[in-house]
1. Just a yes or no: is a residue in the range 178-188 over 25 Å from THR468 (Cβ atoms) and within 19 Å of the chain's Cα centre (by Cα)?
2. Which fully enclosed strands (runs of 3 or more DSSP E) of the range 366-408 have 2 or more residues being modelled with pLDDT of 95 or more and among the small types (Gly, Ala, Ser)?
3. Hey, can you tell me all the residues within the range 227-244 that are under 13 Å from LEU444 (Cβ atoms) and either modelled with pLDDT under 95 or not in a strand (DSSP E or B) (or both)?
4. Do we find a residue being open to solvent by less than 30 Å² (accessible area, probe 1.4 Å) and assigned to a helix (DSSP H, G or I) anywhere in the range 294-303?
5. Of the residues that make up the range 399-419, is at least one closer than 19 Å to GLY338 by Cα, open to solvent by 10 Å² or more (accessible area, probe 1.4 Å) and of a type in the set (A, V, I, L, M, F, W, C)?
6. For the range 452-472, which residues satisfy the criterion of being charged (D, E, K, R) and under 17 Å from GLY438 (Cβ atoms)?
7. For the range 356-398, give me each residue that is open to solvent by less than 10 Å² (accessible area, probe 1.4 Å), over 30 Å from PRO481 (Cα atoms) and not charged (D, E, K, R).
8. Of all residues being among the aliphatic types (A, V, I, L, M) and assigned to a helix (DSSP H, G or I) in the range 206-225, which is farthest from the chain's Cα centre (by Cα)? Just the residue, please.
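The values are calculated or read from the model by the stated rules, or taken from the named source; none is laboratory data. Please read these numbers as outputs of a predicted model, since none were measured by experiment. Reconstructed Cβ throughout: ideal geometry from the backbone, glycine too, with neighbour counts over all protein chains shown. Surface accessibility is based on the protein's heavy atoms, side chains included, excluding ligands, DNA and RNA. Shrake-Rupley method; radii C 1.70, N 1.55, O 1.52, S 1.80 Å.
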Amino acid sequence: MSDSARAALRRVPSRQPAAADLRNDPGARRGRRRPRGARLLLAAVAAATTLTAATACAGPSRTAGAGAPGGSLAGVWRMDGYGTLVTIKGRSLRTYETTAVSCLPGAVTGTRAGAPDAHGASRFTVPDSAPVTVRPDGADRARLAFDDNVGRRTLHRVAALPDRCGRRPSRDPRTVFDVFWQTFAENYPFFRAKKTDWAAVRDRYRPRVTARTTDAELFTVLREMIEPLHDAHTRVVAGPDRWFAGKRPGTVLPTPQSTARIDKAIAANLGGGTVQRHWAQGKLTYADLPGRLGYFRVTQFAHYTAKDDYAGDVAALDRALDSVFTAARTRGPAKLRGLIIDVRLNGGGADPLGLRIASRLTGRPYTAYRKQARNDPRDPAAFTTPQPAPVRPHRGAVYTGPVAVLTGRLTISAGETFTQALMGRSPAPLLIGENTQGVFSDVLGRSLPNGWTFGLPNEEFLTPEGRTFDGTGIPPAVATPVFTDEELTGRRDSALTRARDLLTRGTATAGQHR
């Protein structure tokens with residue numbers, strides 16, 4: 001997802017990274033979901049590593065043929081899940097963020113590129129974001145998809161925008177509080193898992209907010225409301241110097257100093273003389289190791305080029321993958337005996353980029369995960385129909401041998417959805433290290449009436465058994481320390497050492513270590 005789009009409708013990211021890219025929040029949020037949003041958390045990692053109730057009054061408009069293939073997309077559309085309305089008029093698309101008490105202009109505005117195709121689909125360019133495609137899907141239905149996001153949104157035609165969408169919202173601190181609380185109440189899926197009574201949170205904090213509440217006081221209230229969730233995809237941004245992003249307890253964000261120590265420890269354990277090749281502004285690294293092993297490090301699923309656009313990210317990733325997954329490494333007598341994939345310092349980004357890597361690691365199609373969004377403001381257990389995310393083999397060289405994946409609590413958002421995507425592979429990868437951070441949803445980016453922004457997750461990424469790893473993160477099969485002070489001081493990397501040993505001995509299969 002592009003940061004502004006993902007934030008508005010969602011791996012930034014990611015699939016978010018996992019927090020808030022401050023370029024988009026304090027004044028210019030790019031929307032890389034993501035881009036799964038904890039974009040603030042992602043920003044820290046990246047820097048270190050170089051509406052259902054709101055539209056009930058607007059009933060469906062049963063215009064004959066409207067929305068059918070070849071029909072017009074013009075009009076107002078309600079999105080399943082996401083608390084969003086979409087308007088299409090002429091060549092313009094824009095979104096509105098809605099709750100039962102609010103309707104604010106959304107972050108996504110697009111301009112149609114060219115004429116609709118033969119099936120009536122229109123493609124819209126979005127400033128600082130990936131393009132959006134809207135296609136008819138029968139009478140009064142359509143589908144919306146971002147290039148950089150996994151899955152699609154279902155749209156239903158409605159008669160008109162609610163009246164409040166055309167009114168300037170009050171900046172009264174009580175109104176700001178109400179929009180913030182209501183958005184979480186209608187969209188956050190994990191209150192039960194977090195053992196949080198959100199109504200009780202409102203009862204506790206709402207009396208502290210009055211018409212005379214200062215910005216500093218209001219920010220403190222909003223922060224205190226969401227901090228106990230310990231969710232890296234929750235955030236509130238009141239300006240460049242006043243923001244908060246959640247994180248799981250025990251998470252220590254990297255600094256340039258700690259990252260330099262990590263790089264030295266990894267290099268020492270790869271071995272002297274090992275040549276590391278770098279692509280995508282240093283975010284992708286590969287090295288051949290003795291014993292026909294490979295080491296592939298991915299520290300982000302975004303920002304691969306100076307231009308910083310999704311199409312550029314795709315092209316840069318494909319160039320790197322073409323260089324790594326060569327015919328010599330994937331087949332014949334000299335092919336790799338094992339591959340180590342290191343995502344321990346991966347802050348997230350665009351989920352589809354992770355699926356592109358997965359496509360180089362399989363000879364058969366399979367489902368990476370199924371994705372669903374909360375879809376009823378009154379029922380936390382109601383979700384959209386789960387959408388499968390397919391992994392299809394790359395048309396070219398693919399590696400199908402043993403894989404070990406190194407993970408840790410700084411494996412965040414799209415780094416986690418990528419890890420989950422590999423779990424359906426055969427042979428399944430061996431996960432080594434620590435639990436991932438535990439945030440998978442794209443970040444639903446929202447604005448407040450006073451101009452502040454905030455974000456929250458509203459999706460679940462499901463295993464074939466219907467399980468999610470939100471909160472706990474994906475557990476490793478082989479637990480080892482990850483980037484502890486003791487490890488770094490001794491230039492040790494237990495996870496990498498263990499992976500090399502198991503791959504060399506031919507025992508790096510998940511089933512042997514469960």
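1. No, there is no match, as no residue in the range 178-188 is over 25 Å from THR468 (Cβ atoms) and within 19 Å of the chain's Cα centre (by Cα).
2. 366-373
3. ASP231, HIS233, THR234, listed by residue number.
4. no
5. Checking the range 399-419: not a single residue is closer than 19 Å to GLY338 by Cα, open to solvent by 10 Å² or more (accessible area, probe 1.4 Å) and of a type in the set (A, V, I, L, M, F, W, C).
6. GLU459, GLU460, ARG467, ASP470 - these are the residues of the range 452-472 that are charged (D, E, K, R) and under 17 Å from GLY438 (Cβ atoms).
7. Those that are open to solvent by less than 10 Å² (accessible area, probe 1.4 Å), over 30 Å from PRO481 (Cα atoms) and not charged (D, E, K, R): ALA373, ALA389, VAL391.
8. ALA216
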